[in-house]
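Visitor: Once you've had a glance at the structure underneath, I'll fire off some questions.
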Amino acid sequence: MENQKIPTKIYLSEDEMPRSFLNLKAFMKEQHDPFLHPGTLQPCTHADLEPVFCKELVAQELNCTDKEIPIPDELINFYKMYRPSPLVRAYCLEKILDTPAEIYYKFEGNNTSGSHKLNSAVAQVYYAKQQGLKSLTTETGAGQWGTALSMACAYFNINLDIFMVKVSSEQKPYRKAVMETYGGNVTPSPSNTTEVGKRILAEHPTTGGSLGCAISEALETAFSKEQCRYVLGSVLDHVLLHQSIIGQECKLALDKYGIEIDTIIGCAGGGSNLGGLIAPFMADKIEGKNNIRFIAVEPASCPSLTRGKYAYDFGDTGKMTPLLRMYTLGSGFIPSPNHAGGLRYHGMSPVITKLYHDGYMEARGVEQTKVFDAAVMFAKTEGILPAPESAHAIRVALDEAIECKKTGEKKKIMFGLTGTGYFDLAAYMAYNNQTMTDYIPTDKDLEEGFATIPAIPQNR
Ligand SMILES: *Cc1c(COP(=O)(O)O)cnc(C)c1O
């Protein structure tokens with residue numbers, strides 16, 4: 001084993017794929033604070049959540065005790081079409097950096113949706129189908145989630161209504177075309193198909209929309225249709241649960257070659273890929289079996305972990321969701337318009353929030369021009385054009401490897417390469433033209449967002 005050369009791509013066979021989702025919460029010494037019903041401020045029950053989400057997903061959301069939740073065969077069969085995803089040893093990157101560090105990345109962009117989001121999309125649609133639901137609704141901003149969900153709904157033959165932020169649907173017509181090809185009904189939001197949409201259009205006829213407004217339209221549609229539920233692509237515990245297949249595959253592949261990772265790095269928007277990537281490693285850390293450093297990377301322009309408040313807040317700008325205790329910039333926070341690099345969510349997964357708050361992981365904010373420096377260097381050396389979101393993790397992996405060069409440490413660094421950037425070429429164009437700028441919000445900017453955090457007794 002000692003001198004066995006590690007292949008560039010460490011593949012698992014189909015038979016080695018994980019057969020259960022790993023429920024990190026069942027390993028945690030303390031659970032995150034419960035979701036609160038915004039009306040009563042009491043913890044949400046199954047009955048509160050089931051009119052909104054599929055029954056099985058609610059059960060998963062509230063499950064803090066089962067360490068493993070079996071993956072149904074039909075889901076495994078779908079996963080087999082694009083998984084296991086490769087764990088790559090970044091030999092070319094190591095060479096160009098001239099670092100003694102070993103760098104590994106898990107590539108989740110090898111499916112048509114171009115990101116890890118398909119892992120949870122297909123699970124969520126499977127459970128909806130099992131329940132006998134006829135249709136689903138969701139919102140999409142950049143479009144990755146809407147694409148992944150369209151693919152999953154096409155496979156399981158379920159109707160899908162996607163409310164896509166109007167500016168995004170105009171700026172990314174090809175994203176919209178992919179969703180429509182898979183049969184998703186894309187409605188630019190705000191629209192006149194919902195009461196909330198009509199209200200917003202009456203007040204702001206020329207608005208380009210927002211994620212908050214799109215969520216409100218998707219929720220209203222789910223409530224008003226028979227046999228219909230709303231689905232979400234990040235933040236919630238059941239989404240992290242499904243993404244645990246990423247981390248489990250990494251661990252199996254590393255164990256094959258006896259590789260003991262020192263540092264794991266992931267980008268953090270709502271926290272789902274990061275939660276999935278770290279799941280089995282964090283479970284071991286909690287049980288005292290390793291001493292891995294975990295680093296969450298976020299944009300300096302949307303710094304929920306590094307500069308946010310630990311408070312109960314709404315998940316959306318429309319203030320329709322349950323209250324979640326998380327690191328938040330306030331649901332009214334809007335990142336600066338020159339922010340191109342994704343990861344623009346105001347809050348953070350409650351599981352990631354709790355782990356960070358309890359000192360199990362670190363967080364770093366990075367500026368977007370430095371993120372794109374890393375993205376382009378990675379594209380040129382490793383051959384994959386990364387999603388801007390993924391490039392946040394690349395940036396910090398490079399920084400860590402460069403640090404090893406100074407100290408001579410042979411650290412083993414792994415990061416999540418969550419997706420490809422083919423639909424983000426406008427951001428690459430801005431970088432290439434040197435019109436991309438950095439904006440770090442001032443304390444005063446952040447105060448405006450914090451002012452939108454609800455002043456409930458739990459936040460005092
Ligand atoms: C959605 C997305 C992210 C961020 O979402 P998380 O829930 O934080 O994982 C990161 N990378 C890509 C490519 C995405 O599509």
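The values are calculated or read from the model by the stated rules, or taken from the named source; none is laboratory data. Note that the structure is predicted; figures quoted are calculated from it, not measured. Note: ideal-geometry Cβ built from the backbone for every residue, glycine included; neighbour counts use all protein chains shown. All accessible areas refer to the heavy atoms of the entire protein, side chains included, with ligands and DNA or RNA removed. Shrake-Rupley method; radii C 1.70, N 1.55, O 1.52, S 1.80 Å.
Visitor: Given 0.36 nm per residue, what is the gain on full extension from D373 to D15 after removing their alpha carbon distance, in nm?
Guide: 125.0 nm
Visitor: Still on this structure: Quick one: Karplus J couplings for segment 376-385, per residue in order, coefficients 6.51, -1.76, 1.60, θ = phi - 60°, nearest Hz, x for Gly and Pro?
Guide: Each residue of segment 376-385 in turn: 5, 4, 5, 4, 6, 9, 9, x, 10, 7 Hz.
Visitor: Which stretch or stretches of segment 114-137 have amide N atoms under 18 Å from the point lying 7 Å from Y82's Cα along the Cα→Cβ direction?
Guide: Residues 114-127 fall inside that zone.
Visitor: Please give, to one decimal in nm, the separation of the simple spin-label points placed at E170 and E50, each 7 Å out from Cα toward the Cβ.
Guide: Going by the 7 Å Cα→Cβ label model, 4.3 nm.
Visitor: For segment 305-321, take each phi angle, set θ = phi - 60°, evaluate the Karplus expression 6.51 cos²θ - 1.76 cosθ + 1.60, and give the result in whole Hz per residue in order, putting x for glycine and proline.
Guide: For segment 305-321, the Karplus curve yields 6, 7, 9, x, 9, 8, 8, 6, 8, 6, x, 9, 6, x, 6, 10, 7 Hz.
Visitor: For D443 and K29, what is the calculated FRET efficiency with R₀ set at 51 Å and r taken between the beta-carbons, to the nearest 0.05?
Guide: Given R0 = 51 Å and the Cβ-Cβ separation, E is 0.95.
Visitor: Pull up all non-local amide H partners of T45: gap of 5 or more, or a different chain, and H-to-H distance under 5 Å with H placed in the peptide plane.
Guide: Close amide H contacts, sequence-distant or interchain: none at all.
Visitor: Show me 107-113, 84-90, 49-55 ranked by packing, highest mean number of other Cβ atoms within 10 Å first.
Guide: Packing proxy ranking, top to bottom: 84-90, 107-113, 49-55.
Visitor: How much net charge surrounds V88 when only other residues with a Cβ under 15 Å from its Cβ are counted (Lys, Arg +1; Asp, Glu -1)?
Guide: With Lys, Arg at +1 and Asp, Glu at -1, the net is +3.
Visitor: Using only Cα atoms, tell me the angle between helix 144-156 and the longest principal axis of the chain; keep it within 0 to 90° and round to the nearest 10.
Guide: Around 80 degrees separate the two axes.
Visitor: Estimate the FRET efficiency between T193 and K410 by the formula 1/(1 + (r/R0)^6), using the beta-carbon distance for r and 51 Å for R0, to the nearest 0.05.
Guide: The value I calculate is 0.30.
Visitor: Which cross-chain or sequence-distant (5 or more) residues have an amide H under 5 Å from the amide H of T420, H modelled 1.01 Å from N in plane?
Guide: Long-range HN contacts for T420: A387.
Visitor: In Å, what Rg and Dmax follow from the Cα atoms of segment 71-135?
Guide: 17.0, 56
Visitor: So how do 201-210, 422-431, 182-191 stack up, highest first, on mean other-Cβ count within 10 Å?
Guide: 182-191, 422-431, 201-210
Visitor: Report the extension gain between Q131 and A202 in nm, rounded to one decimal, defined as 0.36 nm multiplied by the number of residues separating them, less their alpha carbon distance.
Guide: 21.8 nm
Visitor: Could you work out how far the C-alpha centroid of segment 251-310 sits from that of segment 322-401, in angstrom?
Guide: 12 Å
Visitor: Here's something else I'd like to know. Enter the angle in degrees (range 0 to 90, nearest 10) between the Cα long axis of helix 237-256 and the first principal axis of the Cα atoms of the chain, meaning the one along which they spread out most.
Guide: Taking Cα atoms only, the helix is inclined about 10 degrees.
Visitor: I would also like to ask the following. Excluding ligands, DNA and RNA, what is the solvent-accessible area per residue of the chain at a probe of 1.4 Å, expressed in Å²?
Guide: On a per-residue basis, 40 Å².
Visitor: Let me ask something additional. Kirkwood-based Rg over Rh for the chain (C-alpha set), two decimals?
Guide: In the chain, Rg relative to Rh is 0.94.
Visitor: Do the alpha carbons of any pairs in K117/K172; K80/K251; K80/K380 sit beyond 22 Å of each other, and which pairs?
Guide: K80/K380
Visitor: In segment 1-98, carbon and sulfur make up what percent of the accessible area (probe 1.4 Å)?
Guide: On segment 1-98, the fraction of accessible area on carbon and sulfur atoms equals 52 percent.
Visitor: Moving to a separate point now. Which value at 222 nm does the chain reach when only helices count, each DSSP H run of 4 or more adding -39,500 (n - 2.57), with the total divided by all residues and rounded to the nearest 500 deg cm²/dmol?
Guide: -12000 deg cm²/dmol
Visitor: Let me ask something else about it. Can you give me the C-alpha center-to-center distance between segment 124-149 and segment 19-92, rounded to a whole angstrom?
Guide: Rounded to whole Å, the Cα centres lie 15 Å apart.
Visitor: Could you check the simple spin-label distance between T112 and T8, using points 7 Å along Cα→Cβ, in nm with one decimal?
Guide: Using points 7 Å along Cα→Cβ, the separation is 2.8 nm.
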